[in-house]
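The block underneath contains the structure these notes are about, expressed in structure tokens.
The values are calculated or read from the model by the stated rules, or taken from the named source; none is laboratory data. All figures in this text were calculated on a predicted structure; none of them were measured in a lab. A quick note on method: Cβ atoms are made from the backbone with ideal geometry, for glycine too, and the neighbour counts reach across all protein chains shown.
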């Protein structure tokens, strides 16, 4: 530690937690295409969603107000880990020999170990306010299920999580953590629901899928008046809640007088990336700064770089509203890569729209390059990044090495979505040389998107 | 979050990281009995230790100066996670319904997930300064091995870790993390050393022990001039390095105008507890405050509450210097409880001495009571505590519930030694009802301490 340079961690006081979420819809030159009813293809209204979501969240889904106040009760829980630290990656810079100045916003300090509680907490809060007694949800690798379980415990809600069977069996630590926070967790397909029983009758050994798990969670919520459903990404209100990440980062960069040249984050459904990027897009649209904003997705699930921008369902069964988004087709099943949180066929409609407007760019990375960047980062900075986050780090390392060539001292801001303590098995596979790279071909994309709904 | 109460996290600026370690030896009314040579029983000198440790650490082991300056290079690495946050446990207080005000000092934010890097970093630094190329060590559950691997990576040292075979097989995540930080890790007993080969010849399937692993690590260090050995607890210089915990906590409590009534921490070798407690003992000895200082140990390995205060070896083989400490006998093998970091037959000599002087008190807890407290804490505060830390939490909960009876608004400060992300299997056993309580009987203690060396 030397007194003549900015600190390693740029921290904020608890009183500097943002009091408002930022809504990008207010500042876009044009609004994104609206969601449509899955059967009628007509515009959907609040009533179509009220069986699953409380009115406060439905309003946040459609509002075009620039800011939404964060309730005191939510701020009170946020204070357990927010403001999250922004780190200057001095040691990674030195290891790379780059003149770039690298900052990373670390969301792994939360109770679930990722950015997910930023939206799980308000979702639980608004449901509790609406008199709901129980929330249901699906989870893949388990980050979202952990976040919702924790959040429900804070507001006295019951929580039931359907976890994709393959992950349920392969990652027992996540299951235990979800149970510690007081939630019920079931492997999906389960005999509890009609959807689950139908699958099990045909395939007793089904490994499950996110699509099946969504169907089970939605079914239980739709059938019980005291039960709602919660989603961890994709929807506007989820992205809205995540903007605390970018708002804090703006404050933190201002404290060290930095203006970013590049913002990078990983994208699966798009919530971590949007949470960091949207407040910067506000600044960019207002002409106050002009960073490149780059989404990084897995080469095996490249919705933004290779998918079609079209109306599609959010789930495999076709029960959700139709959303205009970058998609590989709702029946597409991504390869079993280790970044489970990025294995989604579509991309958040609002984020897809910013791509169409030219506000963001996207690249795809194979998982070995990502884990290699994750290893470099861990040795230098002492933090094991989540496999999802390594995608952002791979793009960061690439840019930093480019700066080494050109001599440009670019300011790079990286979204570190979470820690990888419960994903160390993936690093074990990397160290053992067992990781396989899957790059989705144009032909495979064409086949996967051939049966998109015709709107 | 409300503006009319102190914050949830009491944080310090990076510039407030302590610049000096505190040495309790300077303030004690009498010095502890000195270590003795294992063979001659004479006082040992610096030369007896120089095959294993660099002179800077040997000097810190014996100095009676009140403060030791922390090198800039060490502060620079500390800045990755220090100052660590002190939390006000508002949600735990509410869950317990106690008038007590509970604070916990969270060392789980470090690269290894515990307090261990506080000493691993300076140990690696001083060895690198002395021209050493490689450090060897043993590890049980893996916290110490992870910390040393990370620290060696920061100063360009090779690192070799012998991990007790049973843990090596049972906790593969720890092994992967140690390898990520660039260290070599071997299951112990290993065929690499004479000590290991001797055991393997007799017991090819030996599950290993900390004593065997120490022998292997020491053997390699003693035989190679460019190689030293590092120990993660027990010794004076280790406890010295850990005092950054207590120094920060004093600053943090001062910011919210609190004076502690009770300090609690878990004790295995004693380093986390001493790190928090020693600066408070300085204040107590100077009459500036008068907290009760309470060590909490497992009922299955109760060195402070049931052990003898006597000269004993630090390892099973009897190769280390003889140290006057509370001990269950160096041949004692504790039951296989889940708090692996507390399974040590002895207690740090300096901490044992403070117990003899009446400066601290000690209690023992069974593991089910500890895990129950850990579960309560996790649900309320969103942090999964390490099994070791749950011992401190069990004593905290006990005191907080006593306050509920009496109405006393006591200020309790808890040492949270680390997070339990890599120990979730232990919580799984708790949730499944599989945990067994082992309470060591007086008869078993008498048997275990019957063959202590006669000095």
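For the stretch A:11-27, which residues satisfy the criterion of being in a helix (DSSP H, G or I) and at the interface with chain B (Cβ under 9 Å from one of its Cβ atoms)? A:14, A:15 - these are the residues of the stretch A:11-27 that are in a helix (DSSP H, G or I) and at the interface with chain B (Cβ under 9 Å from one of its Cβ atoms). Considering B:243, B:292, B:227, the condition of being surrounded by fewer than 21 Cβ atoms within 10 Å (Cβ to Cβ) and modelled with pLDDT of 95 or more is satisfied by B:292 alone. Condition check for residue B:403 on (1) touching a residue at least 60 places away in the same chain (Cβ under 8 Å); (2) under 16 Å from residue B:370 (Cβ atoms): one failure, at (2).
Among the residues making up the stretch A:380-434, those that are surrounded by 19 or more Cβ atoms within 10 Å (Cβ to Cβ), in a helix (DSSP H, G or I) and within 14 Å of chain B (Cβ to nearest Cβ) are A:380, A:381, A:390, A:393, A:421, A:422, A:423, A:424, A:426, A:427, A:430.
Selection over the stretch A:211-222 of residues that are surrounded by fewer than 23 Cβ atoms within 10 Å (Cβ to Cβ) and touching a helix residue (DSSP H, G or I) at 6+ places or on another chain (Cβ under 9 Å) gives a count of 1.
As a summary of the residue check, residue A:47 satisfies the conditions (1) away from every other protein chain (no Cβ under 14 Å); (2) assigned to a helix (DSSP H, G or I); (3) in contact (Cβ under 8 Å) with a residue 40 or more places away in the chain except for the one numbered (3).
At least 2 residues being touching a residue at least 60 places away in the same chain (Cβ under 8 Å) and in the same structural domain as residue A:185 (by TED's automatic domain parsing) is the threshold, and among the helices (runs of 4 or more DSSP H) wholly inside the stretch A:64-140 those reaching it are A:117-129. Evaluation of residue B:179 against the conditions (1) more than 14 Å from residue B:217 (Cβ to Cβ); (2) buried (at least 22 other Cβ atoms within 10 Å of the Cβ) shows that the sole unmet condition is (2). The residue that is surrounded by the most Cβ atoms within 10 Å (Cβ to Cβ), among those in the stretch B:182-208 that are closer than 23 Å to residue B:51 by Cβ and in contact (Cβ under 8 Å) with a residue 40 or more places away in the chain, is B:188. Checked against (1) assigned to a helix (DSSP H, G or I); (2) touching a helix residue (DSSP H, G or I) at 6+ places or on another chain (Cβ under 8 Å); (3) away from chain B (no Cβ under 14 Å); (4) at pLDDT 95 or above, residue A:359 passes all but condition (1).
Considering each residue of the stretch A:147-154 in turn, at least one proves to be within 16 Å of the chain's Cα centre (by Cα), at pLDDT 95 or above and closer than 22 Å to residue A:245 by Cα. Within the stretch A:111-154, if we keep just the residues that are within 12 Å of chain B (Cβ to nearest Cβ) and either surrounded by fewer than 24 Cβ atoms within 10 Å (Cβ to Cβ) or in contact with a strand residue (DSSP E or B) (Cβ under 6 Å, 6 or more places away or on another chain) (or both), the residue that is farthest from residue A:220 (Cα to Cα) turns out to be A:113. In the stretch A:156-172 there is no residue that is closer than 20 Å to residue B:376 by Cα, buried (at least 24 other Cβ atoms within 10 Å of the Cβ) and out of contact with any strand residue (DSSP E or B) (no Cβ under 9 Å at 6 or more places or on another chain).
Taking the conditions (1) in contact with a helix residue (DSSP H, G or I) (Cβ under 8 Å, 6 or more places away or on another chain); (2) farther than 29 Å from residue A:105 by Cβ in turn, residue A:41 satisfies each one other than (1). Taken over the stretch A:333-342, the criterion of being in contact with a strand residue (DSSP E or B) (Cβ under 9 Å, 6 or more places away or on another chain) and surrounded by fewer than 24 Cβ atoms within 10 Å (Cβ to Cβ) is satisfied by A:334, A:335, A:337. In the condition set (1) modelled with pLDDT under 95; (2) surrounded by 13 or more Cβ atoms within 10 Å (Cβ to Cβ), residue B:8 is compliant with all but (1). Set side by side, the residues B:95, B:79 differ, and just one is within 14 Å of chain A (Cβ to nearest Cβ), surrounded by fewer than 20 Cβ atoms within 10 Å (Cβ to Cβ) and either at pLDDT below 95 or in contact with a helix residue (DSSP H, G or I) (Cβ under 7 Å, 6 or more places away or on another chain) (or both), which is B:95.
Go through B:65, B:73, B:61, B:107 for me and flag whichever is touching a helix residue (DSSP H, G or I) at 6+ places or on another chain (Cβ under 9 Å) and closer than 30 Å to residue B:377 by Cβ.
B:107
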